[in-house]
Amino acid sequence: MPLDHYVSQGHLRRFYSPILGNRMYAIRKADLKAFTSDSQAVCRIMDGSTNAFLREDRVVEDFLKTIEPKYNVAVDKLIKGEIDKECIYTIAGFVA
């Protein structure tokens, strides 16, 4: 049973604090306690990318491998107004 992120680690890393290095500030919903974390330890659930209605129940993970590595570049292109096909594919895939 894999732990899958329901928020992309690439997106979470954009919230890293320059003060903390490779960590971010976070708040635990259960008790509202503040803590610091890396992107790997938060926003994940068991079998989050498993879909029994698909022929290959983990195919979502294969799709995300084409999206997540390009996410930061695509966001930077959006900010600069330099939108191209790869940027559109990446942002659309991320949203989907």
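Quick notes
- Filtered residues of segment 79-96 (kept if assigned to a loop (DSSP other than H, G, I, E, B) and either surrounded by 14 or more Cβ atoms within 10 Å (Cβ to Cβ) or on the phi > 0 side of the Ramachandran plot (or both)): 81
- For the criterion of being assigned to a loop (DSSP other than H, G, I, E, B), charged (D, E, K, R), surrounded by fewer than 16 Cβ atoms within 10 Å (Cβ to Cβ) and without any contact (Cβ under 8 Å) to a residue 40 or more places away in the chain, residue 76 fails.
- Taking segment 20-36 as the range and being modelled with pLDDT of 95 or more, in a loop (DSSP other than H, G, I, E, B) and not acidic (Asp, Glu) as the test, the residues that pass are 20, 23, 32, 33.
- Within segment 30-49, the only residue that satisfies the criterion of being closer than 25 Å to residue 19 by Cα, of a type in the set (Asp, Glu) and surrounded by 12 or more Cβ atoms within 10 Å (Cβ to Cβ) is 38.
- Segment 50-73, subset assigned to a loop (DSSP other than H, G, I, E, B) and of a type in the set (Lys, Arg), residue surrounded by the fewest Cβ atoms within 10 Å (Cβ to Cβ): 55
The values are calculated or read from the model by the stated rules, or taken from the named source; none is laboratory data. Since the structure is predicted, the reported quantities are computational estimates derived from the model, not experimental observations. Here Cβ is always computed from backbone atoms with ideal geometry, including for glycine, and neighbour counts include all displayed protein chains.
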